[in-house]
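Colleague: This is the structure I want to talk about, given as C-alpha cells.
No lab work stands behind these numbers, since they all come straight from the coordinates. Bear in mind the structure is a predicted one, so any value in this text is a computation, not a measurement. We place every Cβ from the backbone using ideal geometry, glycine too, and count neighbours over all the protein chains shown.
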Amino acid sequence: MSENGYTPVAAARRHRPTPTERSGSNETGLLINVIRSLTSSVSEDQREVEKSRLEKGFKESGALIDRLVKNHQQDVEECLVSFRDVSAKISNCRERIHNVRNALHTVKSLLELRRDDLKKLWHENAQQKSVCEIMAKLEELREAPSKIEALIAKEQYQQAADTVTESRQLINGRLSRVEGLSQLAAEIERFAKVLIEKINDTLVNMLVVEPFEKHLMHIIRTIPEQRVQQNSYCLSLVSKYRHGLLSDSSSKLRIVASVEALSTLEERNWDIDRLMMLCKNMIDKMIVNTVQVMKIGANIDEANEGDTTHLKQLMQLLSAQLDSASQQHREFGELVEKLFGRNDVVTSFWRSAQSAVELVVSEHLDINPLLEKQNVHGTARKQLFRFDNTACASPSTNSSTHRTKAVICKPSAYNIKVIFPILSRLMETAEKNINDSPCELRRFMHSFVMEVFVERVKGELATRIEGALKGGEAVRVSTNKKILPSCEKVLTLCKEVHDLIVSIDLYADRFAALWLLVLTDYFKNMTDVYERVIFQFSSHSPFLMQMTPIAAVSGSADPVPSDPLVTTRRPKLSSAWTADDDISRLLMSLPNWHAASISPTTPAVESEQDVGERNKRESEILIGNLGTQAQNRLSESDLITDMNDIKMFASLHESLRWFSDEIRELVHSLPANVKMMLDTCMVQVRLKDGQMIDNKSVPSAIEDCVRRLESIADSCLLLLHIEIRVHCFFHLAPLAKYRNPSSQDEVDPEVVALGRDLQLFHDNLKDVLSASKIAYVFDGLGHLCASIFIHLSQFMPRLTESGKKRVCRNVWGVQQRLSRITNRREADLDKARAFFDLLLDNNPDGILAIIPEKRSQFTATELNYLLALSVRSDKTLASQHGALEKRQMILNSVLNSIQKS
C-alpha cells in the first residue's frame, strides 16, 4: 500500500506487437499507448519507465522523419512549388471578382436611372400585343361559321365541335365586352344546332339504318337487276354498297368520334332522349323499307299475294336486323354511360323495337277487325290495342291511320302460328336486355292469344266439327277410301291444333284443351253414330219411324224417334252381345282377336288343333246363348240387314283405329318441353252420359279419349264378327222346322239367303277391312254352321228319306257357298254332312253298332242328338213307348265302356 493509502495496482498487460506488426503500425498508435500507460500507472517507477520509453520512441520517430524527408525531398519541393502557384492564382481570382463587383455596382446604378422609361415602353408594347391578339380572334371568330359549315360538310364533327366550343368561349369570355357580336354569335349557334342534328342523323344512320340495310343487301343481291333498277330505294342501297358506305370496319370508330364530338359540343346537356326518339322513328321507317324490299324480292304485288312463308322470312329478317342494331346500341350505350353516366340506351332501343314489332304483328294479324267482330257479336268491349297516342302516330309519317300498312301477306289471326317462335325469341332477347319480365311485347302477345286467338280458334273448331259431322257426313263412306271423310276432317283439325301447340308452345296448355275438346266431341259423335245404328225402335208404325239429326258438336242427346207412336228402344242382337262384358271379354281373349285387332300386321301362329279348339269354344258360346233364342224369338228386326250399315261399321273401325294411331303419333311428336308442360297441366273432361276424365294430365286425358275411340272401333269389329254369325243362326234355325218334301229346289231358300248374305258381307267388307280382319270375320263360320246343323237336329221332326237327303244338300250348299268366299274347303262342315249321312245309311240299332268307331268324331251329346233323330225318323220305333230311352241307355253304356277302355 502507498503512503496515500492506495494499494498499488499492477500495470495492465498490453499486447505488444510483433516486429512485423510493429512495422505495419504508425507512431500515433504507439504514442497513444504510452500516454495511456502514463495516466493509468500508479507507481512513480513505472511512469519513469514509460517516460524513458517515450523519449526513446520520440528520438526514433524523429530519426524516422528525417530519414523520410531526406528520401522524399524532391516530392516536398514539388508540393511547395504547386502551393505557391495555386496561391497566386487565388489572389488573381479575388482581384477579378472585386473588379466584377465594382462593374455590377456601376450597371445597377445605370439601370436604376432608365427603369421608368423601360416600364413605360413595356406597357405600351403589351397593349399593342393585346390589340393584335383581339383582332386575330375577331378575324377567327368571323370565319368560324364558314369553317364550321365546311367541317360539317366533310363530316369532321370533332373539329367542328372544337371550333364551336372555342367560338363560344371567346364570345362568352375575352370578347364578351365587344359590341356588335350578337349576330355572329347567333350564326355560330345556328351552325351548332345544325352540327348536333347532323351528328344525330349520323348516329341514327349508324345505329339503325346501316344494321338494317346490311341485311337488305343480301336480298337485293338475289333480285334481278331489272327489278332493282325500277325501285329508287334499291338503287340507293346498291350505290351505298358500291361506294363502301355499308362497310362495318370503321363503324365503331365513327360512333366514338360522333359521341365525343357531342360530348365536346353539349357537355352534360346532350338530349339523348331525342336521339332515341329519332332512332324509334327510323326503326318504323326501316321496317316499311324492309317490307318493300321483301316484296320486290318475292315478286309480290297486287296480282301476286304473299303467303305465310314470306311472312316468316320477313320476321326472321326483322329479328336479325334488330339483333344487329342492338349490338350497335350496346357499343353506343357503353360509350354514353362512360361519358354521360346514362345506362338506358339499350333499354330505350328495345322498347322502341317492341313498339315497332307490335305494329307489324298487329297489321299482319288483323287485330282491329277481330276486336270489332267480337264487339258486334258480344258486349261492348274496350279496345285492346291503341296506337293513337304513341310516338309513331305522327300524321305525316308513322300513324297507322295515315300510312299504308306494311304487310307482306294477307292479314290473318292464324299468321301467329308461323311468327310466334320468332317473336318468342325476340321477347326473350328484349327481356334480357331491359331486365323486365314480362316485356311489353309479351304482354301484347299474351293479350292477343288469350283474349282473341284462342277464342277464335275455339269457335272455328266448333263450326268446322259441326260441318264435318252434321247430318250424314259423319258416316258417309268414300267409294275409294277405307277412312271416313269425317274422320279425315277431324284429324286435319287435330293436326292444325298440334301445329298451334308446337308453334305457340308457351300456350300449349290452352291449345291442348282445344285438342281435348275436338277429341271429346268426336267421341260423343261416334258414340251417337254407333248407337243410332245398333238401336232399333218398336212401335205401332215401325216403317214410319224417322230419326232426328245427330247433335254433332255437343253430343248431348241420343237420337229420338220423331213418331209419337214409338214406345220401345232396344239394340240389335249383335250389339247387345258386343256390349255384354262377359261375352265380349271372352271373345276378345281368343287368339284370332289378338291377331286381327291388336297386331293385324303380325300373323297369328296357331296349330290346326289350336284353331279347332278356338272354333269349338266360340261355337259353344254362341250356340249356348243363341241356339234357343234363334228357335224362339230371333226375327229379322234383330239383324242388321242394311249392308251400308255393315260397310259403315267396317269403315268406322278402320277409321277410328287409323285416327287413334295418328293422334298417338301427334302426341309422340310433341317437343320435350311441351310434353313437360302438358304433364303438369291437370284437366277435367266431361264425356257422354256424364262420364268424366277427372284430374288427369293432358297427355293422359288424350290417351283416355283415344282408348275410348279404340273401344268403339273394337266394338265395330266385334259386332261384325258376331253379326255375321247371327245371320247364320237366323237363316239356319228355320231348317229345324217341318218342310214340304215335294219341293223341287236343290237346297232350301234359307241356305240360298244365307249364302247371299255371306257374299254381301264379303263384298262390302273386302274393300274396307284388311285381310287379317276379313279372316277374323269369316274364319270359324264353317265350324259354327256345322255346329248349328248338329245342334238343330234335336229340334227336327221326323225325317223322311228325302228329308235326310235335303238336310245333307243344305249342309253341302252352305259349304260350297262359304268355300267360294274363304277359298278353303271348310272341312268342319264335313262333320255335319257325316252326321246326317249316318241317318241315311243306318237305322237306330245300326247307329249303336258303329258308335265305337264314330266316338272320336262326335261328342256324346251329338251322338244322343243323332240317336234321338234316328228314332224319331223310324216309322216303327217312333210310335213305340220307351224305344228312345232304351237305346239311350245302351248308348250311355257303350260310351262308358269306351271311356273306361
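Colleague: Output wanted: per-residue J couplings in Hz (rounded whole) for the range 525-530, from phi through Karplus 6.51 cos²θ - 1.76 cosθ + 1.60, θ = phi - 60°, x for Gly and Pro.
Modeller: Working through the residues one at a time gives 5, 5, 5, 5, 4, 4 Hz.
Colleague: Another question, if that's okay. Mind checking which aspartates and glutamates have their C-alpha under 20 Å from K900, skipping anything on the same chain fewer than 8 residues away?
Modeller: E853, E862
Colleague: For a Förster distance of 41 Å, can you work out the FRET efficiency between the beta-carbons of E613 and Q880, rounded to the nearest 0.05?
Modeller: 0.55
Colleague: Same structure, new question: Would you mind checking which residues have amide H under 5 Å from F535's amide H? H placed 1.01 Å from N; only 5 or more apart, or other chain.
Modeller: Amide H neighbours of F535, under 5 Å, 5+ apart: K572.
Colleague: I need the calculated FRET efficiency for the pair L104 and N343, taking r as the beta carbon distance and R₀ as 51 Å, to the nearest 0.05.
Modeller: 0.15
Colleague: Between E334 and E488, 0.36 nm times their residue separation minus their Cα-Cα distance comes to what?
Modeller: Extending this stretch completely gives an extra 49.6 nm.
Colleague: A follow-up question, please. Can you pull the one-decimal nm distance between simple spin-label points at R820 and N269, each 7 Å off the Cα toward Cβ?
Modeller: 11.0 nm
Colleague: Go ahead and run the numbers for FRET between Q857 and R686, Cβ-Cβ distance against an R0 of 35 Å, rounding to 0.05.
Modeller: Once rounded, the FRET efficiency stands at 0.05.
Colleague: For each of H498, H653, count neighbouring Cβ atoms within 10 Å of the residue's Cβ, then give the residues from fewest to most.
Modeller: H498, H653
Colleague: At a 10 angstrom cut-off on C-beta neighbours, averaged per residue, how do the peptides 337-347, 780-790, 861-871, 305-315 rank from highest to lowest?
Modeller: Final packing ranking: 780-790, 861-871, 305-315, 337-347.
Colleague: Give the aspartates and glutamates whose C-alpha is closer than 13 Å to that of K875, dropping any in the same chain fewer than 8 places away, or say none.
Modeller: Once the sequence-local aspartates and glutamates are set aside, what remains near K875 is E801.
Colleague: Note down the magnitude of the dipole of the range 425-470 about its Cα centre, charges +1 on Lys and Arg C-beta and -1 on Asp and Glu C-beta and zero elsewhere, to the nearest 20 debye.
Modeller: Roughly 200 debye, rounded to the nearest 20.
Colleague: Please enumerate, by chain and number, the lysines with C-alpha under 27 Å from the C-alpha of K524, excluding those fewer than 8 residues away in the same chain.
Modeller: Straight-line reach from K524, under 27 Å: K458, K470, K481, K482, K489, K495, K572, K647, K675, K688, K696, K773.
Colleague: Report the gain in length on full extension from E55 to Q230: 0.36 nm times residue separation, minus Cα-Cα distance, nm rounded to one decimal.
Modeller: 49.9 nm
Colleague: Residue by residue through the range 488-494, which ³J(HN,Hα) values in whole Hz follow from phi under the Karplus form 6.51 cos²θ - 1.76 cosθ + 1.60 (θ = phi - 60°), with glycine and proline marked x?
Modeller: Per-residue couplings from phi come out as 5, 5, 5, 5, 4, 4, 5 Hz.
Colleague: Continuing with the same structure: Once you treat every alpha carbon in the range 775-900 as an equal point and sum by Debye, what is log10 I(q)/I(0) at q = 0.10 Å⁻¹?
Modeller: For the range 775-900, the Cα-only Debye profile gives -0.33.
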